[in-house]
1. I'd like to know if the stretch 93-102 contains one or more residues that are farther than 12 Å from residue 144 by Cβ, without any contact (Cβ under 8 Å) to a residue 60 or more places away in the chain and touching an Asp or Glu at 6+ places or on another chain (Cβ under 6 Å).
2. So which residues in the stretch 5-42 are hydroxyl-bearing (Ser, Thr, Tyr) and open to solvent by 60 Å² or more (accessible area, probe 1.4 Å), if there are any at all?
3. Give me the pairs, please: first residue somewhere in the stretch 129-144 and under 27 Å from residue 87 (Cα atoms) and at pLDDT below 95, second residue anywhere and assigned to a loop (DSSP other than H, G, I, E, B) and open to solvent by 80 Å² or more (accessible area, probe 1.4 Å), beta-carbon distance under 8 Å, and either six or more positions apart or on two chains.
4. Name every residue in the stretch 44-64 that is in contact with a strand residue (DSSP E or B) (Cβ under 7 Å, 6 or more places away or on another chain) and open to solvent by 50 Å² or more (accessible area, probe 1.4 Å), in order of residue number.
5. For the stretch 87-112, enumerate the residues that are touching a strand residue (DSSP E or B) at 6+ places or on another chain (Cβ under 6 Å), closer than 24 Å to residue 44 by Cβ and assigned to a helix (DSSP H, G or I).
6. Within the stretch 10-39, how many residues turn out to be outside any loop (DSSP other than H, G, I, E, B), free of Cβ contacts under 8 Å to residues at least 12 places away in the same chain and not charged (D, E, K, R)?
7. Checking residue 121 against (1) surrounded by fewer than 16 Cβ atoms within 10 Å (Cβ to Cβ); (2) closer than 14 Å to residue 28 by Cβ; (3) not charged (D, E, K, R), which test does it fail?
Amino acid sequence: MDQTTYWKNFRSEHPEVISDEHDAFTLGFEGDVKTNNELANLIKDGVKTGTSSALDLYALSGEKMPKAGDYIIILDGQQQPVCIILELEVKSYPLMEVSDQHAYNEGEGPRTLEYWRQVHIDFFKKEYAAYNQPFNDNIPVLCETFQVVYK
């Protein structure tokens, strides 16, 4: 189903949502279909209730920065809608100050801070390299918490 139809179906079931403003994205690196699908399914299943991104890179990429109250269509690796989330909280922390709770909310692997740091440091290093930007352990990380409101 295309994103427009998916959003219209959501709106018809949720008339309390008065705005048509929403975004859509895939989690993970573009083209990594296996990981894109895994992350989308973790969200749909309610295991993954948080995500992280490199705050500095929003300005460089031109991507819209999320904020509390945003609706987002989560796409799988084939760019198909899987669910819609509502952003509950969006806060920035230095990389090494991201909490155990946020790592757990991300729902990946053993859900530990050690695992989160291992995976995200590698991910952020690659993202910064793609923009020819220096990476360090104090980069600001945008930590989002959300809930699934439609699937």
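1. Yes, the stretch 93-102 contains a residue that is farther than 12 Å from residue 144 by Cβ, without any contact (Cβ under 8 Å) to a residue 60 or more places away in the chain and touching an Asp or Glu at 6+ places or on another chain (Cβ under 6 Å).
2. Residue satisfying the conditions is 12 alone.
3. As it stands, the answer is none, since no pair meets every condition given.
4. Correct list: 44, 56, 64.
5. 102, 105
6. The total comes to 1.
7. Result: residue 121 fails condition (2) only.
Matching residues to (1) at pLDDT below 95; (2) within 15 Å of the chain's Cα centre (by Cα):
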site	(1), (2)
15	yes, no
24	no, yes
33	no, no
80	no, no
84	no, yes
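The values are calculated or read from the model by the stated rules, or taken from the named source; none is laboratory data. Quick caveat, the model's predicted, so the values are computed rather than measured. So basically every Cβ, Gly included, is an ideal-geometry build from the backbone, and we count neighbours across all protein chains shown. Heavy atoms of the whole protein, side chains included, go into the accessibility calculation; ligands, DNA and RNA do not. Shrake-Rupley method; radii C 1.70, N 1.55, O 1.52, S 1.80 Å.
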